[in-house]
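Novice: Supplied in structure tokens, the structure appears directly below.
Coordinate-derived values only; no laboratory data. Because the structure is a prediction, the values reported are computed rather than measured. Because the Cβ atoms are built from the backbone with ideal geometry, glycine has one as well, and the counts that use them run over all protein chains shown.
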Amino acid sequence: MRLQKFLSRAGVASRREGERLMSQGRVRVNGDLVTELGSRVDPRSDLVEVDGKPVHIRPPRWIMLNKPRGVVTSRRDHADRPTVYSLLDPSDRSLRYVGRLDRDTEGLLLFTNEGDLQHALLHPSSGVPRRYRTLVRGVPSPRTLERLESGVELEDGVARAHDVRFSGSRRAGRASVLSLVLKEGRKREVRRLLRAVGHPVVRLRRIGFGPLTLKGVAPGEWRALETDEIRALRHAVTSRSPAILPDRSMGRSDTP
């Protein structure tokens, strides 16, 4: 097995990140520094170390967390705020999160030790949909909803939402509930997009990622993915139009 593939399978890094670790002189095999990208290892007999720590291939592990508001998507926080890893079992704290939710965004967050699939899910070319439900200020007009789908110029280029739906107004018409799908995963994209059209986010929740929804996972809780769910994630990155499973989390209990 190529060394960078081994590092990815071990959950240390994606293959490209593994190549960078090798070029930086941080990877050893049986005590020898290895920087040649074509190098191979035998997972059954070779000792691979990254930064002096042994690395092993473990069975694929995927879990889904329903992230609460106020929790940071990070391993550590300089301000000593709670992190998503504090909600996981100690045995799962070596897993890597798939994408990031900012501190005030709640909802579906995946963790895994499969670096290749993690990287593929996040790559813009795969177009894996993320579904959000959001409470925004004001009541967007039909024209505004059309703008969200046709594209809005942001500081890092044009962004657009897919399948935008108006779910009604709240607070005597001072706020509205929308559901929308994004496929790029830029930093704070939903918030920036809605602010640009004059309806800033009050509350934001991710309720779907590719074929997955938050069904059966309460805020602050997590569960392991089933085999068929992992298979569906793999299919999502190989299909040009990944399907979203029927969304059962759009009920009143999920109103932001």
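Novice: Find how many whole Å separate the alpha carbon centroid of the stretch 39-56 from the alpha carbon centroid of the stretch 145-186.
Specialist: Distance between centres, Cα-based: 46 Å.
Novice: Mind listing the phi-derived Karplus ³J(HN,Hα) values for the stretch 47-53, rounded to whole Hz, using 6.51, -1.76 and 1.60 with θ = phi - 60°, and x for any glycine or proline?
Specialist: For the stretch 47-53, the Karplus curve yields 9, 9, 10, 10, 6, x, 10 Hz.
Novice: Treating only the Cβ of Lys, Arg, Asp and Glu as charged (+1, +1, -1, -1), what charge dipole size does the stretch 72-206 show about its Cα centre? Round to the nearest 20 debye.
Specialist: I would put it at about 640 debye.
Novice: Mind computing the radius of gyration and Dmax over the alpha-carbon atoms of the stretch 126-210? Å is fine for both.
Specialist: Reported Rg and Dmax, both Å: 11.9, 40.
Novice: Tell me, Kirkwood radius of the stretch 50-167 from alpha-carbon pair distances, in Å?
Specialist: Its Kirkwood hydrodynamic radius stands at 17.1 Å.
Novice: Full-extension gain between residue 32 and residue 155, please, as 0.36 nm times their residue separation minus the C-alpha to C-alpha distance.
Specialist: 39.7 nm
Novice: Given an 8 Å cut-off on Cα distances and at least 6 residues of separation, report the relative contact order of the chain as a percent.
Specialist: Contact order relative to length: 20 percent.
Novice: Also: About its Cα centre, what dipole magnitude does the chain give when the only charges are +1 on Lys and Arg Cβ and -1 on Asp and Glu Cβ, stated in debye to the nearest 20?
Specialist: That gives a dipole near 860 debye.
Novice: Now a separate question. Assign unit charges at the C-beta atoms only (+1 for Lys and Arg, -1 for Asp and Glu), then state the dipole size of the stretch 126-210 relative to its Cα centre in Debye, rounded to the nearest 20.
Specialist: For the stretch 126-210, the charge dipole is close to 540 debye.
Novice: Rounded, prolate or oblate: which fits the stretch 3-55, taking a ≥ b ≥ c as square roots of the Cα gyration tensor eigenvalues, rounded meaning a/c under 1.5, else prolate when a/b beats b/c?
Specialist: It is rounded, given that a/c, with a ≥ b ≥ c, falls under 1.5.
Novice: Given the peptides 214-220, 15-21, arrange them by the average over their residues of other C-beta atoms within 10 Å, most packed first.
Specialist: The peptides rank, most packed first, as 15-21, 214-220.
Novice: Based on the alpha-carbon set only, what is the convex hull volume of the chain divided per residue, in Å³?
Specialist: Dividing the Cα hull volume of the chain by its residue count gives 148 Å³.
Novice: Another one. Apply the Karplus parameterisation 6.51 cos²θ - 1.76 cosθ + 1.60, with θ equal to phi minus 60°, to every residue of the stretch 64-74 and state each ³J(HN,Hα) to the nearest whole Hz, in sequence, with x for glycine and proline.
Specialist: Calculated HN-Hα couplings, in order: 10, 10, 9, 6, x, 5, x, 9, 8, 8, 6 Hz.
Novice: Something else now. Karplus couplings for the stretch 22-34 from phi (6.51 cos²θ - 1.76 cosθ + 1.60, θ = phi - 60°), rounded to Hz, Gly and Pro as x?
Specialist: Result, ordered by residue: 5, 5, 7, x, 9, 10, 10, 10, 6, x, 9, 5, 10 Hz.
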